[in-house]
Amino acid sequence: MSIVFHEASKEFHLYNDSISYIIKVLPNDQLGQLYFGGRIHDREDFGYLLEFANRPMTSVLQDYGFSLEHVRQEYPAYGTTDFRLPALEVLQADGSRLTDFTYESHRIFGGKPGLENLPATYTESDGEADTLEITLRDKLLDMKLILLYTIFNGENAVARSARFENHGENPVQITRAMSLCLDLPDCGYEWIQFSGAWSRERQMKVRRLEQGIQAVSSARGHSSHNHNPFIVLKRPTADEFQGEVMGFSLVYSGNFLAQAEVDTYNVTRVMLGINPFGFSWKLESGETFQTPEAVMVYSGDGLNGMSQTFHRLYRTRLARGVWRDRVRPILLNNWEATYFDFDEEKLVNIARAAKEDGVELFVLDDGWFGERSSDSSGLGDWYANTDRLPGGIKGLAEKIEELGLKFGLWVELEMVNPDSDLYRRHPDWALQTPGRTPSQGRNQLVLDFSREEVVDCIYQMIAGILSESKVSYIKWDMNRSITECYSRAYPADRQGEIFHRYILGVYSLYERLIRNFPEILFESCASGGARFDAGMLYYAPQCWTSDDSDAAERIRIQYGTSFAYPVVSMGAHVSAVPNHQLCRNTPLETRGNVAYFGAFGYELDLQRLTDEERCTVRQQIAFMKEYRQVIQYGTFYRLQSPFENNIAAWMTVSEDRKTAIVGYYKILNDVNCEFRKLRLKGLDPNMRYAVEEKDGWFYGDELMKSGLVTTDASAGQPAIGEFCTDFWSKIYVLKGIEN
């Protein structure tokens with residue numbers, strides 16, 4: 001058991017081979033935080049880490065040496081000697097917000113419990129992890145707060161959440177309920193966030209923590225393109241491969257807050273959870289409220305060490321189902337090939353060409369349903385448009401399967417167009433505030449997924465199609481944020497619940513579909529990467545990373561995404577040029593070399609390519625089929641950042657370290673440049689490696705310490721047939737040589 005409780009000192013020590021997390025029951029019976037970091041030896045009493053001082057202007061409890069303002073706490077409340085922002089707030093019948101949750105009991109057990117109606121990491125055997133459940137009680141309210149901690153025995157990770165139980169006679173309103181709070185003893189960190197907008201998601205932003213509040217959040221109803229529910233704190237001297245790093249990830253897809261508050265004594269309070277802005281939850285007597293899960297990771301081996309922990313955990317103990325461990329099929333999506341301009345014959349011809357080149361899955365995107373000839377109508381009417389598809393989805397799927405391909409389908413189940421049969425029948429099923437003019441995005445409104453009857457209706461429509469048709473893949477899109485968030489199904493004192501209830505409705509629909517259609521591969525999407533979060537990976541093991549398929553932009557997007565999310569979860573496709581988002585021309589080889597590092601596919605009509613380009617596509621597909629197991633399930637290393645350099649690089653290494661694939665990308669060309677080498681990572685130092693297109697062999701330690709020579713033709717007068725351009729790239733394949 002990797003969790004111990006020391007009765008005399010009232011301390012909990014959670015530890016494994018790499019990390020320690022220490023909690024103490026304070027003199028007032030609330031919980032204090034003593035330590036989170038690299039593994040330290042257990043002892044009976046870590047009380048020396050709890051320091052008291054009688055500071056001027058301090059309000060105190062019990063005696064003048066004890067103030068919550070100057071104590072590191074585990075799950076703090078505001079208003080009783082602590083003036084920092086709290087982890088919880090409960091509005092009571094008399095209008096007060098003070099709470100006093102004190103230690104009542106605890107339970108330690110093997111394994112990890114699930115969270116009701118919420119995504120969460122899991123274990124497949126009780127020996128993989130240990131869980132601590134601490135019960136706190138507010139005696140005046142007769143309300144319990146249960147804090148859950150799971151430490152994974154093989155990973156540097158702790159999963160946390162909180163559950164509120166109202167045992168009192170009166171209802172209360174929870175107005176703040178964070179999933180994680182961590183008080184750190186100093187502020188000597190750099191804060192990293194991953195921010196952007198549509199088509200430039202998860203750009204890495206770094207700044208030094210200072211006194212005050214640093215935060216990112218979403219109030220858009222989804223995790224958003226703008227900020228990701230994942231942050232990093234690292235020591236200023238830490239880099240990709242050395243130094244102390246902590247990562248904090250929220251397993252949730254709705255409104256969130258990620259925050260670090262540094263007080264004027266340089267204590268840092270990290271919080272992560274549901275965004276309290278606009279949030280409230282009425283908790284009646286006998287009811288419970290469960291927060292989403294947050295996962296925190298400690299690494300003493302830099303940013304790559306942190307990322308690899310998240311990758312392993314999220315790939316194998318968050319993603320679920322039959323596709324969790326399978327290599328992903330190489331697909332072709334028709335969207336950028338046809339947009340809304342297609343019929344069955346055109347689709348079959350595109351699919352036939354894709355099959356000829358080695359594609360395995362054909363995906364029909366938007367425009368197949370209802371009266372859908374543009375983005376202004378049809379959403380909500382999930383039945384096939386037989387003018388375009390005479391045999392419906394069933395007939396088209398059979399024709400695609402006859403070609404030797406699997407068939408996939410695009411849906412946007414959470415939305416409705418005002419110009420649709422569904423909206424005309426049920427206008428009250430859209431989220432709209434009474435008396436206010438509703439806004440639209442992409443000519444659509446958001447369905448009220450807080451209502452069970454709405455979710456049931458959508459399920460019945462889409463399940464009907466899936467039951468009768470050979471559908472192997474679903475791309476689930478969401479193309480607008482939530483505005484005018486009001487549900488006609490709930491009273492005034494429950495309107496603060498709608499954002500969260502909406503996400504619970506999305507999760508419930510996913511759960512029903514994956515349970516009843518377990519062989520379907522789901523890919524989540526939200527105008528590209530607006531809901532690329534850990535919560536989605538629990539239901540859909542891959543996500544469309546960005547609507548921007550330009551290779552140069554995708555280097556940055558995929559690089560930033562890789563800090564928390566595994567390569568296999570990133571939908572990455574080769575699209576036509578000029579690129580539809582930037583009108584940029586990039587070489588077909590580079591488009592493939594970037595897209596390899598993800599769930600690989602194409603967004604174009606292969607019939608429009610030249611014979612030479614088709615030959616390149618066939619080579620790309622053959623390469624991906626040979627190496628996708630290594631790329632998608634190997635250990636991933638970031639080597640050189642596109643946020644700092646003109647040249648970016650990354651690599652993935654097989655579990656046995658006998659195969660490695662290196663992606664090397666020069667964004668803009670240079671002339672008369674220096675000789676270059678790239679230090680590789682993760683190889684066996686004693687193994688000899690053959691590198692394709694290079695003579696001889698190299699020991700692993702050479703390649704990691706001296707480096708792989710990557711000098712290109714721009715360093716001097718190029719040989720005949722050798723040249724570089726802007727957006728030039730190269731893939732290096734390393735294969736171990738048996739002694």
Does the range 416-433 contain at least one residue that is polar (S, T, N, Q), touching a Ser or Thr at 6+ places or on another chain (Cβ under 8 Å), surrounded by fewer than 18 Cβ atoms within 10 Å (Cβ to Cβ) and closer than 22 Å to SER481 by Cβ? no
ALA564 fails exactly one of (1) in a loop (DSSP other than H, G, I, E, B); (2) in contact with a His (Cβ under 9 Å, 6 or more places away or on another chain); (3) more than 25 Å from TYR314 (Cβ to Cβ), namely (3)
When the residues of the range 295-318 are narrowed to those that are open to solvent by less than 20 Å² (accessible area, probe 1.4 Å) and touching a helix residue (DSSP H, G or I) at 6+ places or on another chain (Cβ under 9 Å), which ends up farthest from TYR565 (Cα to Cα)? SER299
Test: residue in the range 331-344 that is under 29 Å from PHE623 (Cβ atoms), acidic (Asp, Glu) and either open to solvent by less than 40 Å² (accessible area, probe 1.4 Å) or modelled with pLDDT of 95 or more (or both): yes
Since SER217 meets every condition but one in (1) open to solvent by less than 30 Å² (accessible area, probe 1.4 Å); (2) under 21 Å from the mean Cα position of the chain (by Cα); (3) within 22 Å of THR291 (Cβ to Cβ), which condition does it not meet? (1)
Could you check how many residues of the range 344-379 are hydrophobic (A, V, I, L, M, F, W, C) and within 21 Å of MET478 (Cβ to Cβ)? 5
For the range 237-262, pairs from a residue that is under 17 Å from ASP183 (Cβ atoms) and open to solvent by 10 Å² or more (accessible area, probe 1.4 Å) to a residue that is of a type outside the set (Val, Ile, Thr) and not in a strand (DSSP E or B), with Cβ under 7 Å and 6 or more apart or across chains, are GLU244/ARG235; GLU244/ALA238; GLU244/GLY300; LEU257/ASN275; LEU257/PRO276; GLU261/ARG84; GLU261/LEU85
Failed condition for LEU678, given (1) farther than 19 Å from GLY305 by Cβ; (2) surrounded by fewer than 16 Cβ atoms within 10 Å (Cβ to Cβ); (3) not acidic (Asp, Glu): (2)
Taking the range 665-686 only, how many residues are touching an Asp or Glu at 6+ places or on another chain (Cβ under 9 Å) and touching a residue at least 40 places away in the same chain (Cβ under 8 Å)? 8
One residue is enough: does the range 70-91 have a residue meeting the conditions without any contact (Cβ under 8 Å) to a residue 40 or more places away in the chain, more than 21 Å from SER179 (Cβ to Cβ) and aliphatic (A, V, I, L, M)? no
What residue, among those in the range 85-113 that are aromatic (Phe, Trp, Tyr) and assigned to a strand (DSSP E or B), is surrounded by the most Cβ atoms within 10 Å (Cβ to Cβ)? TYR103
Would you check which residues across the range 92-112 are touching a residue at least 60 places away in the same chain (Cβ under 8 Å) and under 15 Å from ASP29 (Cβ atoms) and list them? ASP100, PHE101, THR102, TYR103, HIS106
Taking the conditions exactly as written (touching a residue at least 24 places away in the same chain (Cβ under 8 Å), closer than 30 Å to PHE289 by Cα and outside any strand (DSSP E or B)), does ARG200 satisfy them or not? no
Counting just the residues of the range 24-60 that are crowded, with 16+ Cβ neighbours inside 10 Å and touching a Gly at 6+ places or on another chain (Cβ under 7 Å), which one comes out farthest from SER125 (Cα to Cα)? LEU50
Can you find even one residue in the range 435-450 that is buried (at least 21 other Cβ atoms within 10 Å of the Cβ) and more than 25 Å from ASP366 (Cβ to Cβ)? yes
From the list ALA397, ALA353, exactly one residue is open to solvent by less than 10 Å² (accessible area, probe 1.4 Å), in a helix (DSSP H, G or I), at pLDDT 95 or above and under 19 Å from ILE462 (Cβ atoms). Which is it? ALA397
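The values are calculated or read from the model by the stated rules, or taken from the named source; none is laboratory data. No experiment lies behind these values; they were computed from the predicted model shown. We place every Cβ from the backbone using ideal geometry, glycine too, and count neighbours over all the protein chains shown. Note: areas computed on protein heavy atoms with side chains; ligands, DNA, RNA excluded. Shrake-Rupley method; radii C 1.70, N 1.55, O 1.52, S 1.80 Å.
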